[in-house]
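Here is the structure we will look at, set down as structure tokens.
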Amino acid sequence: MTEKDRPKGLGDLLVEQGLRFASQAAKVMMDDRRGQEAVAAAVGLAQKGMKRLEGVQEQVLHAVGLPAKTDYDEVAKQMARMKRKIRDLSRKVEAGAVVGGGRGAEGAGEAPEDAPGAAHRAAAPHARDPRRKR
Amino acid sequence: MRAVRFASGAWIAAVVEAVNRHPDLPRALAGLGADLAAIVEAEPGVLPRPIAAWGRQAQGRVAEWRLLEDEDEILELEPAYVVRAPYRLWKDLLLQRLDPVQAALSGRLRVKGDLEGLVRRASYRYIMDGALRAVATEFPDEVRR
């Protein structure tokens, strides 16, 4: 049974009703400038609270020698970097194979304009590799 | 006007161009994070693979953008905002059948980053709406096979 097929319990129904109510309330609030500010401030408070909670959770987990969310995130980031490097390398290898096969190097290994990975810059002065920013 | 396929490179380019033309854009972007990634989750039979795009703002305009080869690139890019939703929800948002703030607050549109800043700028939604109106969009579920 998938998550979708599971019958809804009282908790799910309450959460669903609560969300619907909050969503309707937010719509009424968002129609007014002051209401919009109030919703934004409430969202900001909630996000700060969550961040603080995550910070405490991380400290507790580290204190007992367990990895926290930030540790998993760091591993995921390193894996993403490795995946990209492998992609870049295999592209270079393919381009080399094409050149070696005598089909010419022109355009080899380059992504077409519409293909994923092709960067589009509206203004050249800002051009840089965003992955090197941090 | 020739329709452009939703979330294709040509479509994003056209939307970015239209957004960048709006005189109120610098005011809307002021104080926001530098970059954003958006993910359209796959839908069987309509969108076989998820689509991920990244864009960066500078000097009050979208300075650069690109379609990502792999959604995981977002982990490496660490953009200030990550917005993720299923294909149908994006379609509802683009067709203005759904309010983005409501969708974000209800958790249907998942936003990672300073949501407070985005809610504060909800009144600038007309910039995006205008840009989307300027681009004829072809949705993959409406294309005759």
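Side notes on the structure shown:
- Residue list for the stretch B:31-68, filter: out of contact with any helix residue (DSSP H, G or I) (no Cβ under 6 Å at 6 or more places or on another chain), among the charged types (D, E, K, R) and over 20 Å from B:VAL15 (Cα atoms): B:ARG49
- Filter result (surrounded by 17 or more Cβ atoms within 10 Å (Cβ to Cβ) and under 22 Å from B:GLU142 (Cα atoms)) within the stretch B:2-37: B:VAL4, B:PHE6, B:ALA7, B:GLY9, B:TRP11, B:ILE12, B:ALA13, B:ALA14, B:VAL15
- Per the listing B:GLY45, B:GLY31, the residue uniquely in a loop (DSSP other than H, G, I, E, B), away from every other protein chain (no Cβ under 13 Å) and at pLDDT below 95 is B:GLY45.
- Residue check, B:GLY9 more than 9 Å from chain A (Cβ to nearest Cβ) and touching a residue at least 24 places away in the same chain (Cβ under 8 Å): no
- Strands (runs of 3 or more DSSP E) completely within the stretch B:60-145 that count 2 or more residues being within 7 Å of chain A (Cβ to nearest Cβ): B:61-68
- Residue check, B:ALA10 at pLDDT below 95, in contact with a strand residue (DSSP E or B) (Cβ under 7 Å, 6 or more places away or on another chain) and among the aliphatic types (A, V, I, L, M): no
- Residues considered: B:ASP70, B:ASP114. Of these, the only one that is charged (D, E, K, R), closer than 25 Å to B:GLU138 by Cα and touching a residue at least 12 places away in the same chain (Cβ under 8 Å) is B:ASP70.
- Tallying residues that are in a helix (DSSP H, G or I), over 22 Å from B:ASP70 (Cβ atoms) and aliphatic (A, V, I, L, M) within the stretch A:61-84 yields 2.
- Filter pass, B:ALA52 being in a strand (DSSP E or B), modelled with pLDDT of 95 or more and in contact with a strand residue (DSSP E or B) (Cβ under 6 Å, 6 or more places away or on another chain): yes
The values are calculated or read from the model by the stated rules, or taken from the named source; none is laboratory data. Values in this document were obtained by computation on a predicted structure and should not be read as measured data. Cβ: placed from backbone, ideal geometry, glycine included. Neighbour counts: every protein chain shown.
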